[in-house]
1. Filter segment 43-57 down to the residues that are part of a helix (DSSP H, G or I), of a type outside the set (D, E) and without any contact (Cβ under 8 Å) to a residue 24 or more places away in the chain, then identify the one that is farthest from F84 (Cα to Cα).
2. What number of residues in segment 16-42 are aromatic (F, W, Y) and under 29 Å from E82 (Cα atoms)?
3. I'm told L30 meets every condition in (1) among the hydrophobic types (A, V, I, L, M, F, W, C); (2) touching a residue at least 12 places away in the same chain (Cβ under 8 Å); (3) not in a helix (DSSP H, G or I) except one. Can you identify the failing condition by its number?
4. Taking V15, is it touching a residue at least 60 places away in the same chain (Cβ under 8 Å) and assigned to a loop (DSSP other than H, G, I, E, B)?
Amino acid sequence: MEFLVLRNVAPSGQVTGYDRQTLPIYAELLDADAAGMGWAEGARLILGLDVAADGETARKCWESHLARAHWIVGEGLGSALEAFGRKSEQAG
């Protein structure tokens with residue numbers, strides 16, 4: 001079983017393998033944001049971060065991953081579909 005090591009800051013630019021691994025988290029972040037969940041609760045519940053120990057890092061992590069999630073389903077959707085489809089075709 002492969003575990004995802006969450007980055008402090010989500011990637012930017014081209015779609016990455018990290019984005020592929022993080023898609024379920026991105027979906028949860030988008031749902032939480034749409035439901036009005038605050039960053040601290042989301043960082044704790046979804047990202048598994050200790051907000052009390054390092055709130056600044058947790059907030060940056062939440063904000064960057066949420067921004068990346070919005071990019072993936074918005075401006076980056078074409079790139080994401082191409083990258084994810086290409087990898088899936090090679091695997092199967």
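1. Checked segment 43-57; the qualifying residue farthest from F84 (Cα to Cα) is G55.
2. Number of matching residues: 2.
3. The single condition L30 does not satisfy is (3).
4. Considered against the rule, which asks whether it is touching a residue at least 60 places away in the same chain (Cβ under 8 Å) and assigned to a loop (DSSP other than H, G, I, E, B), V15 comes out as yes.
Read the figures in this text as sums done on the coordinates, not as results from a lab. What you are looking at is a predicted structure, and each value in this text was computed from that prediction instead of being measured. Don't worry about glycine lacking a Cβ; one is built from the backbone with ideal geometry, like all the others, and counts go over all protein chains shown.
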